[in-house]
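A quick write-up on the structure given underneath.
The values are calculated or read from the model by the stated rules, or taken from the named source; none is laboratory data. Just so it is clear, the model here is predicted, and its values are computed rather than measured. Counting neighbours? That spans all protein chains shown, and the Cβs are built from the backbone with ideal geometry, glycine included. Just so you know, the surface numbers come from the protein's heavy atoms only, side chains and all, with ligands and any DNA or RNA stripped out. Shrake-Rupley method; radii C 1.70, N 1.55, O 1.52, S 1.80 Å.
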Amino acid sequence: MCVWLALCAHDARAQEPGPTPGATQEPLTLERAVSLAAENNESALSAAARSEAARARVSRALAFFLPRLTLNGSYTRRPQESTRQVGDQTVVLQRFNALGANAVARITLFDARGFPLYEAAKRDDEATALDAVEARRQVGFQAANAFLTTLGRQQVADAAERRLAYAKQSLEEARARAQAGLASTNDVTRAELDVATAQSQLADAVGNAAESRLELGYLLVAPVQEPLAAPETLFSEASRPVDSFAGLAENALERRPDILSSKLRVEQQKALAREPLARLFPSLTASAQGSATNEAGLTGNTFNGFLTVDLTWTLFDGGERYADRRERLALTRVQELDTQARVRRVDVAVESARVSLRTAQAALELGEVAVKAARQNAEETSILYRQGLATSLALSDAQVRLFEAEVSLAQARYSLGSALLELRAAVGLDPLGKEP
């Protein structure tokens, strides 16, 4: 672990920008990256918008039971009045300026279809809200993995930079020994080849790190220019014995938003499957209408109104309701099977994540040992080469082995953090280890 912690400190120092007059850059932490992705990423925002739409559908389903009131008014201008003589009185049938108002109120007294449709809308609302939580959770994991990838590639770039420094130093020593007649010019040629190879590897590593930083910025919906802070808390927890994570899997099904949402989708489909049967019952509606005008006419009434109760019973609809029910029952079965598969996958995902975590821990321990041995071998070979007791080929091989060991260690660190994130995702936690 000491080699690992030393590399963490080196990477943190290597990523710190130089002093800028009047400006300082705070390192970007894993926690901040996850928060930015959840707040700004379009996937999370669109899921939240879909949740709002589902709530609106619940209000629309509830409106099925509530009365509707319609009010309209009219104004008519005529070129002349229409009158009629009734006894000694002159009655105006149509005025120059005619005003009218009409109000209609309608309410469904009973319609069995409204109950399953309202229940389905509520289940859809609850499931969509959980989908929004799951979308934020998955975006957080994407950001966390991109953060670790970027950090790991930056460490590879740092290792490539160190290898280039070693290769340049070896080139200077080879030239000095060749000028002194202690080595052949072949050593200089080999050292120049090592420098060129190291420069190529450094260019590739820097390019990969820059590309990964761009991908991270895409997920955060903001350019990432500040240095990245190594998530020591995540690495420290990932180093715990795998058996200590056994309790996390106990309530995974109750924590996973996607599993809970899938179960609610089953209930939604069951409610929709009951709606065709509700069409077997008659529907009862009532409506009231009132009108007012400034033209009394022969009756002398300026207001009129009536109340209507309608009973509608569709005795036969050509078999449409039974076809709809068969279709929705089949869709319910599809949703149930999908939910069963999701539930069974949870245990597999948890165990797979635990295996990955155990493998990553072992790889990290081996990587630390390999780096320590490779660094000692490179130092000893360099000393022997200066004394003329080792060949340039041996020195080049030692430097390559050191670089490869450092790259493997950086990849092992990333894999360890990624394995813990995989375990947290499987048991229903967010990337920071909290319940969503």
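Annotations for the structure displayed:
- For the range 309-318, a tally of residues being exposed (fewer than 11 other Cβ atoms within 10 Å of the Cβ) and either of a type in the set (D, E, K, R) or out of contact with any strand residue (DSSP E or B) (no Cβ under 6 Å at 6 or more places or on another chain) (or both) returns 4.
- Residue pairs meeting the criteria (Cβ under 6 Å; at least 6 apart or on separate chains; first within 17 Å of Pro231 (Cα to Cα), in the range 146-161; second of a type in the set (Asp, Glu)): Ala146/Glu215; Gln155/Asp11
- If you filter the range 369-395 down to residues that are surrounded by fewer than 19 Cβ atoms within 10 Å (Cβ to Cβ) and under 26 Å from Leu234 (Cβ atoms), you find that the one that is modelled with the lowest pLDDT is Arg375.
- Complete set of residues in the range 175-224 that are out of contact with any strand residue (DSSP E or B) (no Cβ under 9 Å at 6 or more places or on another chain), not small (Gly, Ala, Ser) and not in a helix (DSSP H, G or I): Leu182, Val221, Pro223
- Of all residues making up the range 352-372, the number that are under 16 Å from Leu248 (Cα atoms) and free of Cβ contacts under 8 Å to residues at least 12 places away in the same chain: 1
- Enumeration of residues in the range 267-308 that are under 21 Å from Phe65 (Cα atoms), touching a residue at least 40 places away in the same chain (Cβ under 8 Å) and open to solvent by 80 Å² or more (accessible area, probe 1.4 Å): Arg274, Phe281
- Members of the range 167-176 that are within 48 Å of the chain's Cα centre (by Cα) and either surrounded by fewer than 22 Cβ atoms within 10 Å (Cβ to Cβ) or without any contact (Cβ under 8 Å) to a residue 12 or more places away in the chain (or both): Lys168, Gln169
- Of the numbered criteria (1) closer than 15 Å to Leu421 by Cα; (2) open to solvent by less than 40 Å² (accessible area, probe 1.4 Å); (3) not basic (Lys, Arg), the one Leu220 fails is (1).
- All positions within the range 225-248 that are at pLDDT 90 or above, surrounded by 14 or more Cβ atoms within 10 Å (Cβ to Cβ) and either part of a helix (DSSP H, G or I) or small (Gly, Ala, Ser) (or both): Ala229, Ala230, Leu234, Phe235, Glu237, Ala238, Ser239
- Qualifying residue in the range 87-106 (condition: within 30 Å of Pro282 (Cβ to Cβ) and either open to solvent by 50 Å² or more (accessible area, probe 1.4 Å) or at pLDDT below 90 (or both)): yes
- Ala410 vs. criteria more than 22 Å from Ser352 (Cβ to Cβ), surrounded by fewer than 22 Cβ atoms within 10 Å (Cβ to Cβ) and among the hydrophobic types (A, V, I, L, M, F, W, C): no
- Pairing each residue of the range 423-436 that is over 15 Å from Ser352 (Cβ atoms) and free of Cβ contacts under 8 Å to residues at least 60 places away in the same chain with any residue that is among the polar types (S, T, N, Q) and assigned to a loop (DSSP other than H, G, I, E, B), provided the two are 6+ apart or on different chains, yields no C-beta distance under 9 Å.
- The single residue among Arg342, Arg354, Arg321 that is open to solvent by 70 Å² or more (accessible area, probe 1.4 Å) and either out of contact with any strand residue (DSSP E or B) (no Cβ under 9 Å at 6 or more places or on another chain) or of a type in the set (Asp, Glu) (or both) turns out to be Arg342.
Residues are listed down the side, and each one gets a yes or a no for (1) over 27 Å from Ala121 (Cα atoms); (2) in a helix (DSSP H, G or I); (3) touching a Lys or Arg at 6+ places or on another chain (Cβ under 9 Å):
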| site | (1), (2), (3) |
| --- | --- |
| Arg32 | yes, yes, no |
| Ser35 | yes, yes, no |
| Ala44 | no, yes, yes |
| Ala48 | no, yes, yes |
| Glu52 | no, yes, no |
| Val58 | no, yes, yes |
| Ala61 | no, yes, yes |
| Phe64 | no, yes, yes |
| Leu69 | no, no, yes |
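- The condition of being modelled with pLDDT of 90 or more, assigned to a helix (DSSP H, G or I), farther than 30 Å from Thr185 by Cβ and open to solvent by 20 Å² or more (accessible area, probe 1.4 Å) holds for only one of Leu432, Leu366, Leu421, that being Leu366.
- Scanning the range 249-266 for residues that are open to solvent by 50 Å² or more (accessible area, probe 1.4 Å) and either at pLDDT below 95 or closer than 30 Å to Gln361 by Cα (or both) yields Glu250, Asn251, Leu253, Glu254.
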